[in-house]
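The values are calculated or read from the model by the stated rules, or taken from the named source; none is laboratory data. Keep in mind it's a predicted model, so treat the numbers as computed, not measured. Don't worry about glycine lacking a Cβ; one is built from the backbone with ideal geometry, like all the others, and counts go over all protein chains shown.
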Amino acid sequence: MTEIAHAQRDHALLSASGAHRWLHCTPSAKLEATLPDTTSAAARIGTLAHELAELKLQKVFSGLPTRKYNAELKKMQKHELYESIMDDHTNAYVEYIQSIVHAFPSPPFVAIERKVDLTEFVPESFGTSDCIIIGSGKLHVIDYKNGQGVPVPAFDNPQMKMYALGALKAFSLLFPIQEVHVAIVQPKVWDQPSEWSLSVADLLAWGETIKPIAQAAFSGEGAYAPGDHCGFCRAKGTCRARVEQLLDAGSLAPVKPPLISWEEAGAVLKQAEGIVSWYSELKKLALAEALKGGSVPGWKAVEGRGSRDYTDLDAAFAYLKEKGIDEAILYDRRPLTPPQLENALTKKVYKELLAESGHIITRSGAPTLAPDKDKRPAVTNQVKPEDVFDKED
């Protein structure tokens, strides 16, 4: 049984997607509501990718006629924001959902783009879950993320837990549910989906703990609390609490408005010019200390982003043409780099024809300083500490 909902991706004041923010900084939701909601190119690309993923799920689970599917697919592929890699990534998302569905002893219930009611725990709140699967006492909640700048793990993820709470409210009377499994498919970040599980009892207990926090957020009460959760906040550029934290300027009176004025912003920018250069220099010193094995509490040296190149460009392209790859794909005035070619060919073809055939070499990236919670392993003595000042901008 499959349910397809064509829900518009509107947002409540206390949305599930913004839960990480308003659960930490309760007044932020009300403050953001006073500011214009701008949409970035990355967000628009993400919306198109979600629509493509939904179309493919409709074909697999709701019997969308092939002719209509092909017409809609062709329309999306002509969109100005379409990227060929979207097909590779959304196919991976669909295949993951199919693997879950096929693991059930009998066909489970599948809901796609389901709008869920969250008002039992959060005032006037709702959200749209990309995919919900229920069967054999198990609830699966799956979300697709198209971005690559910020990895989003499933572990203890408040957005996913809110979707799960909404799914429980919508379907627990129809299906007995004992286990909850959440997963985030983010192909630009991870080769495999990020997964996490918890019991229904633990999920409901968490729902109870957020009720007073949500009420405070809905009322705009509480103290502003800058932190990692500020990343996508519309107020982050002019939030007084965040500026004061960054500049340690705690002398400003708390009765002033929560947003700094543009006059203050101009003064802050002037002051910050020296801070930026000082921070950059201090970061290089800390990286040098970490590379020689010293301790910089809260930080570590990790391997930076590497690079790829052809072992023999002409041989690699000759090989691809022998395998039926159109020469027009290989050139854009100058040869495409390995990452660009991977995007043009799709990951699967790139891996089969280049990565596994010895035509690509991968070079390690230069060391860079990262917070100690960074998932990359710590590195030491890859280069002489004094070389850091020449190699890092």
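Just give me the residues in the stretch 272-315 being closer than 30 Å to Leu354 by Cα and of a type in the set (Ser, Thr, Tyr), in sequence order. Break it down stepwise before answering.
Here is the first cut: in the stretch 272-315, the ones closer than 30 Å to Leu354 by Cα are 302-315.
Of everything in the stretch 272-315, those that are closer than 30 Å to Leu354 by Cα and of a type in the set (Ser, Thr, Tyr) turn out to be Ser307, Tyr310, Thr311.
Since Ala315 meets every condition but one in (1) at pLDDT 85 or above; (2) under 30 Å from the mean Cα position of the chain (by Cα); (3) of a type in the set (A, V, I, L, M, F, W, C), which condition does it not meet?
(2)
Please determine, by comparing only the residues of the stretch 53-88 that are of a type in the set (Phe, Trp, Tyr) and in a helix (DSSP H, G or I), which one is nearest to Glu342 (Cα to Cα). Write out each step before concluding.
Going through the stretch 53-88, the residues of a type in the set (Phe, Trp, Tyr) turn out to be 61, 69, 82.
After this cut, where a residue has to be in a helix (DSSP H, G or I) as well, the list is 61, 69.
Working: Phe61: 29, Tyr69: 26 Å.
Checked the stretch 53-88; the qualifying residue nearest to Glu342 (Cα to Cα) is Tyr69.
Is it fair to say Lys56 is under 26 Å from Ile329 (Cα atoms) and of a type in the set (D, E, K, R)?
Numbers: under 26 Å from Ile329 (Cα atoms): yes; of a type in the set (D, E, K, R): yes.
Spelling it out, Lys56 is indeed under 26 Å from Ile329 (Cα atoms) and of a type in the set (D, E, K, R).
If the requirement is being loosely packed, with under 13 Cβ neighbours inside 10 Å and modelled with pLDDT of 85 or more, which of these qualifies: Thr39, Thr26, Thr66?
Thr66
Can you confirm whether the stretch 203-221 contains a residue that is touching a strand residue (DSSP E or B) at 6+ places or on another chain (Cβ under 6 Å) and not aromatic (Phe, Trp, Tyr)? Reasoning before the result, please.
Step one: list which residues in the stretch 203-221 are touching a strand residue (DSSP E or B) at 6+ places or on another chain (Cβ under 6 Å), which gives 203.
Adding the requirement that they be not aromatic (Phe, Trp, Tyr) leaves 203.
Among the residues of the stretch 203-221, at least one is touching a strand residue (DSSP E or B) at 6+ places or on another chain (Cβ under 6 Å) and not aromatic (Phe, Trp, Tyr), which makes the answer yes.
Out of (1) over 28 Å from Lys211 (Cα atoms); (2) touching a residue at least 12 places away in the same chain (Cβ under 8 Å); (3) not hydrophobic (A, V, I, L, M, F, W, C), what's the single condition that is false for Gln178?
All conditions pass for Gln178, except number (1).
Give me the strands (runs of 3 or more DSSP E) completely within the stretch 275-363, filtered to those with at least 3 residues that are in contact with a helix residue (DSSP H, G or I) (Cβ under 8 Å, 6 or more places away or on another chain), ordered by residue number. Talk me through it step by step, then tell me what you get.
Numbers: elements: 299-303, 307-310, 360-363.
Ranges flagged: 299-303, 307-310.
Hey, can you tell me all the residues within the stretch 180-214 that are exposed (fewer than 14 other Cβ atoms within 10 Å of the Cβ), of a type in the set (D, E, K, R) and modelled with pLDDT of 95 or more?
Answer for the stretch 180-214, where residues must be exposed (fewer than 14 other Cβ atoms within 10 Å of the Cβ), of a type in the set (D, E, K, R) and modelled with pLDDT of 95 or more: Asp202, Glu208, Lys211.
Any residue at all in the stretch 149-172 that's of a type in the set (Asp, Glu) and in a loop (DSSP other than H, G, I, E, B)? Can you show your working first?
At the first step, the residues of the stretch 149-172 found to be of a type in the set (Asp, Glu) are 156.
With the extra rule that they be in a loop (DSSP other than H, G, I, E, B), the set shrinks to 156.
Checked against the condition, which is being of a type in the set (Asp, Glu) and in a loop (DSSP other than H, G, I, E, B), the stretch 149-172 yields at least one hit.
Can you pull out every residue in the stretch 89-146 that is more than 30 Å from Glu208 (Cβ to Cβ), part of a helix (DSSP H, G or I) and either of a type outside the set (Ser, Thr, Tyr) or without any contact (Cβ under 8 Å) to a residue 40 or more places away in the chain (or both)?
Across the stretch 89-146, the qualifying residues are His89, Asn91, Ala92, Val94, Glu95, Ile97, Gln98, Ser99, Val101, His102.
Take Glu303 and tell me if it is without any contact (Cβ under 8 Å) to a residue 40 or more places away in the chain and surrounded by fewer than 17 Cβ atoms within 10 Å (Cβ to Cβ).
On the way: without any contact (Cβ under 8 Å) to a residue 40 or more places away in the chain: no; surrounded by fewer than 17 Cβ atoms within 10 Å (Cβ to Cβ): yes.
Spelling it out, it is not the case that Glu303 is without any contact (Cβ under 8 Å) to a residue 40 or more places away in the chain and surrounded by fewer than 17 Cβ atoms within 10 Å (Cβ to Cβ).
Got a sec? Which of Arg234, Arg242 is of a type in the set (Lys, Arg) and under 22 Å from the mean Cα position of the chain (by Cα)? Spell out the reasoning first.
Working: Arg242 fails: under 22 Å from the mean Cα position of the chain (by Cα).
Selected residue: Arg234, the only one of Arg234, Arg242 that is of a type in the set (Lys, Arg) and under 22 Å from the mean Cα position of the chain (by Cα).
How many residues, within the stretch 35-52, are within 16 Å of the chain's Cα centre (by Cα) and assigned to a helix (DSSP H, G or I)?
10
What about Ile85, is it over 19 Å from Asn157 (Cα atoms) and in contact with a strand residue (DSSP E or B) (Cβ under 7 Å, 6 or more places away or on another chain)?
no
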